[in-house]
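Take this structure first; my questions come after.
The values are calculated or read from the model by the stated rules, or taken from the named source; none is laboratory data. As the structure is a prediction and not an experimental result, all values here were calculated from the model. Methodologically, a virtual Cβ is constructed for each residue, glycine included, from the backbone with ideal geometry; neighbour enumeration extends over all protein chains shown.
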């Protein structure tokens, strides 16, 4: 009797394990689909001609493959100037961040004083929040 009970429990534990694996896999695939679907739609739409965009029969693979959408968007956005501005902004920000963090790290490593741990925490959090503020300020205020 005990042996039958143990095999039933073992079977029940195996079923619980397989059920948990199934639920985890289903959630993972579902969330991946929710995240990736809009990206895949935009990629598919980027290579379509105008006639394919308005054709309800063309969903994923365009009938007329084109790169004109990229050419038009680069002209409208003035891509080369925008790329140069972005590179300059990122380079300057990175160099300033590197210098300030290197100096602060050296100072916190060499100098021991009362409250240095608290000041280090404030400095660390300040740098993390300044990056977020800087990203928000670099956006168009009309967005």
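Rundown of residues vs (1) surrounded by 11 or more Cβ atoms within 10 Å (Cβ to Cβ); (2) farther than 30 Å from residue 123 by Cα, yes/no style:
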residue: 19; (1), (2): no, yes
residue: 53; (1), (2): yes, yes
residue: 57; (1), (2): no, yes
residue: 67; (1), (2): no, yes
residue: 70; (1), (2): yes, yes
residue: 85; (1), (2): yes, no
residue: 91; (1), (2): no, no
residue: 95; (1), (2): no, no
residue: 100; (1), (2): yes, no
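For residue 74, are the conditions met, namely being within 26 Å of the chain's Cα centre (by Cα), under 30 Å from residue 37 (Cβ atoms) and at pLDDT 90 or above?
Numbers: within 26 Å of the chain's Cα centre (by Cα): yes; under 30 Å from residue 37 (Cβ atoms): yes; at pLDDT 90 or above: yes.
Against the criterion (within 26 Å of the chain's Cα centre (by Cα), under 30 Å from residue 37 (Cβ atoms) and at pLDDT 90 or above), residue 74 qualifies.
When the range 44-63 is examined, which residues are found to be touching a helix residue (DSSP H, G or I) at 6+ places or on another chain (Cβ under 6 Å) and without any contact (Cβ under 8 Å) to a residue 24 or more places away in the chain? If you could, list the steps in order and put the result at the bottom.
Step one: of the range 44-63, the residues touching a helix residue (DSSP H, G or I) at 6+ places or on another chain (Cβ under 6 Å) are 46, 58, 60, 62-63.
Hits for the range 44-63 are 58, 60, 62, 63.
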